[in-house]
Each structure stands twice: as structure tokens, then as C-alpha cells.
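The values are calculated or read from the model by the stated rules, or taken from the named source; none is laboratory data. None of these values were measured; they are calculated from a predicted model. Cβ: placed from backbone, ideal geometry, glycine included. Neighbour counts: every protein chain shown.
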Amino acid sequence: MKQKTNDMDVNGNEKLHSRRRVLKAGVAAVTALGLPGAWAATDRAPRSLAFRHLHTGEELAITYFDQGAYDDVALAAINHLLRDFRTGDVHPIRRALLDQLSLVRRTIGSDAPFEIISGYRSPATNDMLHRTSSGVASRSLHMDGMAIDVRLADTKTRHLRDVAARLRLGGVGYYASSNFVHLDVGRPRQW
């Protein structure tokens, strides 16, 4: 026979379910506050980016997220700007990468546009670069719209690297001799 006390039976069934709910809520709260990418899921503030592509000369300043939603027209404009400039191939750039750029820029406090060295790379371009350069991975995240090589005109690349590395939103590569930082939304790592 089960006896109820404060909505709990003697076997602790309600208590267990109640504890699970509390634990799940606690884990969700800690996750939202503690994991680096969680701000993007909860922050409804507008997100804007500015770019200057060093190879094409194109510029774009655009709000890609507003009123809690991504703007498909803005995302298409960003995809076009960050296309493979060698082949003209356009590929969707991951929203998480754009959010990473937005947070990095906001954390630094920069108003300068990101200077683009490389955005999306087609498999053909990546293969050519891999064959001619030791610094290009054969399965680069650039081919999935998950990586970008950038700098900010008003920020030392060393500082850009340090801020991005502290945020731990993905991979951060520092190319001091070429004066750019690689950012991606793969697993957090640094080189």
C-alpha cells in the first residue's frame, strides 16, 4: 500500500520525478549561462556585421538577425559576399559562424568591418590550395561554410585571436606572418 505525503509516495516516485524536473531545469540554466554559444539562442538583440572582401573589393554592412529571427535576405547577401571568389560558387555560411563573428566584434568593441581573406571554399579551390600550401587542410571547414579567415582594421590580430580563443566558440588559428585569424565553428581548439 502506498502512502502519500506531500505529493510523494513512500517509494519516492513523485519525489524522483520532481527531482528530475528540478535537475533538468538546473542543467538547462547552467547550460544557457555557462556554455559559450548559448547566448545566441537566448539573446534576441539585433546582430549586425560589416565586411570588406580583400580580394573582390566588395563591402557589406547588414543586420542579419532582428526581433528574434534570422533574415533570409541578409543571409543570402552574406553568402554571396563570402562566396569562393576564385570560382564564384556560393554556399550557405553557418549561422553559428556569423554569431561567433558578431560576438567577437562586440566583445572587442570594434566598429571596423571584418576584412575577409577567405570565406567559403569550393572543394576544387580547397584541393588546389591544399596541394600548394601546407597550411590548408584537405577537409577544411571552409568547404562547409563553417570557417572564415579575417582581421579587423582597428584591432591587432593577436588581440582578435585572444578574444576569440577566450570565447571558445570553435577553432582559432593565428597566422601572424599573414596577419589574419582563422575562426571556425568546429570543436574548440587553437593553433
Test set (1) at pLDDT 50 or above; (2) over 27 Å from Ala153 (Cβ atoms) - Leu60 fails condition number: (2)
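Pick out the one residue from Leu160, Leu98 that is in contact with a Phe, Trp or Tyr (Cβ under 7 Å, 6 or more places away or on another chain) and in contact (Cβ under 8 Å) with a residue 12 or more places away in the chain.
Leu98
Considering only residues of segment 134-191 that are in a loop (DSSP other than H, G, I, E, B) and among the hydroxyl-bearing types (Ser, Thr, Tyr), which is modelled with the lowest pLDDT?
Looking only at segment 134-191, we keep the residues that are in a loop (DSSP other than H, G, I, E, B), and these are 134-140, 145-146, 153-156, 168-170, 179, 185-188, 191.
Remaining after also requiring among the hydroxyl-bearing types (Ser, Thr, Tyr): 134, 138, 140, 155.
Numbers: Ser134: 72, Ser138: 78, Ser140: 90, Thr155: 97.
It comes out as Ser134.
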Quick one: Arg158 ticks every box in (1) under 20 Å from Asn79 (Cα atoms); (2) over 17 Å from the mean Cα position of the chain (by Cα); (3) basic (Lys, Arg) except a single one, so which number is it? (1)
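Please determine, by comparing only the residues of segment 68-126 that are in a strand (DSSP E or B) and of a type in the set (Val, Ile, Thr), which one is surrounded by the fewest Cβ atoms within 10 Å (Cβ to Cβ).
Checked segment 68-126; the qualifying residue surrounded by the fewest Cβ atoms within 10 Å (Cβ to Cβ) is Ile117.
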